[in-house]
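Worksheet for the structure shown next.
Derivation of every value follows stated rules applied to the coordinates shown; laboratory data play no part. Since the structure is predicted, the reported quantities are computational estimates derived from the model, not experimental observations. Because the Cβ atoms are built from the backbone with ideal geometry, glycine has one as well, and the counts that use them run over all protein chains shown.
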Amino acid sequence: MQIHEARLGHLPSLIALAERFHAEAGGGYPFKVDRVRAFLAQAVAGPDFFVVVAGDVPCGFLIARAGANYLTGERMAEEVAMYVEPDARSVGLAGGLIAKFEEWAASSRCTVVKLTAQHSARPEAVARLYRRSGYAAAETAFIKRL
């Protein structure tokens with residue numbers, strides 16, 4: 001399956017995938033379609049963002065951004081969100097999305113790449129994928145709603 005950069009025409013598919021990702025991952029955040037649409041439009045068109053989709057009718061995506069690390073100053077690429085629909089998993093799509101992300105990061109002069117994982121979204125499977133791709137655990141985040 002082809003993995004290619006997203007275009008503004010992919011927004012409806014990206015929004016639908018984001019909503020499925022949100023429903024699957026759970027968490028304490030409401031899904032606000034207008035905010036998601038605005039963010040995705042900014043990411044697809046923005047110079048410091050990278051958005052790729054898997055398939056002509058997208059069944060997966062990866063969104064990333066690049067910028068200076070606030071502590072070291074190194075140029076860093078950070079995955080914002082990645083999702084592959086359940087029926088399309090275990091066929092190498094996530095690995096392909098990660099490979100495209102790393103190619104973009106290298107071509108964007110990044111020296112560090114960072115992947116994240118929702119703790120509620122199959123954390124063991126995601127950790128195995130990331131380790132197989134050469135990543136090591138670096139931090140854990142905790143949130144509390146007030």
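For a label point 7 angstrom out from the Cα of GLU24 toward its Cβ, which stretches of region 61-92 have the backbone nitrogen within less than 11 Å? Flagged as within label range: 61, 82-90.
This ranking places THR111, THR140 by how few other beta-carbon atoms lie within 10 Å of each, fewest first, which gives THR140, THR111. Which of rounded, prolate, oblate describes the chain, given a ≥ b ≥ c as roots of the alpha-carbon gyration tensor eigenvalues and a/c under 1.5 marking rounded, otherwise prolate only if a/b is larger than b/c? Rounded, since a/c falls under 1.5. Model label points for ALA125 and HIS4, set 7 angstrom from Cα along the Cα-to-Cβ axis, are 2.7 nm apart.
Between PHE31 and ASP87, the modelled label-to-label distance comes to 1.7 nm, taking each label 7 Å out from Cα in the direction of the beta carbon. Longest stretch of the chain clear of exposed loop sites (GluC sites (Glu not before Pro), DSSP loop, at most 13 other Cβ atoms within 10 Å, sites excluded): 1-73. Qualifying chymotrypsin sites (Phe, Trp or Tyr not before Pro) in region 30-81, where qualification requires a DSSP coil assignment and no more than 11 other C-beta atoms within 10 Å, comprise TYR70. A simple spin-label model places the labels of THR140 and THR72 2.2 nm from each other, with each point 7 Å out along Cα-to-Cβ.
Measuring gaps between exposed loop sites in the chain (trypsin sites (Lys or Arg not before Pro); DSSP loop; at most 13 other Cβ atoms within 10 Å), the longest gap, sites not included, is 33-108. Exposure proxy shown here: for MET76, MET1, MET82, the number of other Cβ atoms within 10 Å sets the order, fewest to most, as MET1, MET76, MET82.
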